[in-house]
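Data block below; observations after.
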Amino acid sequence: MPRGARLTLALSGGIDSAVLLDLVAPRASRLGLRLACVHFDHGRSPHAPAWARFCRRLAARYGLACRVRKLDLAPHRKLGREGAARAARYAALRAERADFIALAQHLDDQAETVLLQLVRGAGAAGLAGMPAASLPDDAGPRFVRPLLDVTRAEIAAYARARGLEWVEDESNRDETLARNFLRRRVLPLLTELNPAAVANLGRSARHLGEAAGLLAELAAIDAERCVVRGALDVAALGRLGAARARNLLRWFLQRHGVAAPSSVRLDEILRQAAQARADRGVAFDLDGTTLRRYKGALRLVPPSPASPPPGSFEAVWSGARPWPVPELGGELRLEPVRGTGLRAAAVRRGRLTLRPRRGGEALRPRIAGPRRTVKRLLQQSGVPPWDRVRLPLVYVDEALACVPGVAVAAELQAGPGEPGLRIEWTPLAPEAAAPGAVRKPVKRAKRAKRVLK
């Protein structure tokens, strides 16, 4: 870790995190790391307030602060008790303002994870268990697990030798939880069969991690031929063979943050994509995101936010570039150009507004050509049906001026060498596009005139 890096240690107060804190705290100061602790209250135990106080006192012994955060498990209830707690905890950790997150998971935890994934029928990536360090991710901090090669017994021996204190979570004795059942019933039997069972499971996880990495590299190679403009070419996918096609589809989904479904469902997606009639809509719901076939390619379509009813909304440009319009679920990008696009002088003299489609709108894209309905223009331009319903229209005063990314009204187009604006609409991710109160037209700000000069 580079000097000055922000390191947050997840401190549960149990023996594992107490040992990790004792190991990391003195080294962090020597290495110039900015160390802090965070404790999560899952709200599942009457002892939670006492555990939080203990973690604050424990961190203070090392001259550190420990923040306590209450977790909301409700959004993850469908994952069960263990899954909901884990999902909420990791979501909170990813939101930490840190460069690295230190977790106290150890070799026995890794063995349990491998066994759990095995009985669930996981593939190579799942059986690889937990990595010692996650790959760099621009979206959040990296996770590091310094104790992943250390056994539970070694951790306990260290804690006793150092005279450390910790708390015991009574839920660790609950054998109705899958991980506890494995820990208390299954792993002891496997250790009787082979005393090196825990270490061997950890070694298998490393081997499978390497295999998963090679499969990801193969998928990236196949993607060079099969992924075109962010979509999977169905014909190219069919030429790969079943195993490589599944591997690429799984990789494609995961690269877009969508959990891959079972192999059976992957096969069904590939079968329908290849065999369904061209005029038949093929769509699969994948936890809120839809995978659709359109013009011979599979595309991921995020859920659309609710938009204001047609006629109830109008946004007025103030000069912002890009121009976010969360009420319509996206942002308008306006790029200054010359000799093309919407004539800048027309925007300076009038009022640039954005409105939802109502139906029946039309414009003349060429001076000598006929008027075309917006619906027809969108069809001719190959805009997918699900994007058509999300695409708003741009007006100058009361005149339809532009269908973003598709056409500009001929009478408002910039002439040769004349300043213009290239206008495109970009849908935002659902969480960034939550509609607020409907805005009414406001007087155009002076900033817009400055931008157009």
What number of lysine-lysine pairs in the chain show an alpha-carbon separation below 29 angstrom, given a sequence spacing of 8 or more or placement on distinct chains?
6
Under the Kirkwood approximation applied to all pairs of distinct alpha-carbon atoms, what is the hydrodynamic radius of the chain in Å?
26.4 Å
Report the calculated FRET efficiency for GLN379 and VAL264 (r = Cβ-Cβ distance, R0 = 35 Å), to the nearest 0.05.
0.50
Would you calculate, for the chain, the mean residue ellipticity at 222 nm contributed by helices, counting each DSSP H stretch of 4 or more residues as -39,500 (n - 2.57) and dividing by all residues, to the nearest 500?
-11500 deg cm²/dmol
Pop a pseudo-label 7 angstrom from the Cα along the beta-carbon direction at both THR340 and VAL228 and give the gap in nm to one decimal.
2.2 nm
Roughly how big is the range 283-396's charge dipole about its Cα centre, with Cβ charges of +1 (Lys, Arg) and -1 (Asp, Glu), in debye to the nearest 20?
760 debye
By Cβ neighbour count within 10 Å, fewest first, LEU249, LEU135, LEU11 rank LEU135, LEU249, LEU11
For the range 88-237: span of alpha carbons on each principal axis (Å, largest first)
60, 41, 27
Can you say what percent of the DSSP beta bridges in the range 30-168, counting only those with both residues inside, are antiparallel? Round to 5.
10 percent
Per residue, how much space in cubic angstrom lies within the convex hull of the C-alpha atoms of the range 229-301?
82 Å³
Taking only C-alpha pairs under 8 Å that are 6+ residues apart, what is the relative contact order of the chain in percent?
11 percent
Reported to two decimal places, what Rg/Rh ratio describes the range 167-221 when computed on Cα atoms with Rh from the Kirkwood expression?
1.20
Can you sort HIS76, HIS47 by how many other beta carbons sit within 10 Å, fewest first?
HIS47, HIS76
Simple label model, 7 Å out from Cα along Cβ direction - ALA410 to ASP72, nm
5.4 nm
Give me the dipole magnitude in Debye, nearest 20, for the chain about the Cα centre, with unit charges on the beta carbon: positive for Lys and Arg, negative for Asp and Glu.
2220 debye
What residues qualify as long-range amide H neighbours of PHE143, i.e. H under 5 Å apart, gap of 5 or more or another chain, H built at 1.01 Å from N?
ILE101, SER134
Simple Cβ-charge dipole of the range 229-301, Lys/Arg +1 and Asp/Glu -1, about Cα centre, in debye nearest 20
240 debye
Given charges at Cβ of Lys, Arg, Asp, Glu: the range 229-301 dipole, positive-most of TYR294, VAL282, ILE269:
TYR294
Ranked by Cβ crowding within 10 angstrom, fewest neighbours first, how are TYR395, TYR90 ordered?
TYR90, TYR395
Given 5 Å bins starting at zero, what is the percent of C-alpha pairs of the range 6-200 in each, up to the one with the largest pair distance?
1, 7, 14, 19, 22, 19, 11, 6, 1, 0
Distance between modelled label sites at GLU165 and ARG348, nm, 7 Å Cα→Cβ extension
7.3 nm
Compute the label zone of THR426 within the range 379-402: residues whose backbone N is under 15 Å from the point 7 Å along Cα-to-Cβ.
none
Name the residue from ASN172, ALA401, GLY43 whose Cα lies farthest towards the positive end of the charge dipole of the chain, charges +1 on Cβ of Lys and Arg and -1 on Cβ of Asp and Glu.
ALA401
Give me the angle, in degrees from 0 to 90, between the Cα long axis of helix 107-119 and the longest principal axis of the Cα atoms of the chain, rounded to the nearest 10.
60 degrees
Helix 15-31 sits at what angle to the longest principal axis of the chain, using alpha carbons and giving 0 to 90 degrees rounded to 10?
70 degrees
Looking at the chain only, what percent of DSSP beta bridges run antiparallel? Nearest 5 please.
75 percent
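All of the numbers you see were taken from the coordinates with simple rules; none came from a lab. Quick caveat: nothing in here was measured; it's all calculated off a predicted structure. Reconstructed Cβ throughout: ideal geometry from the backbone, glycine too, with neighbour counts over all protein chains shown.
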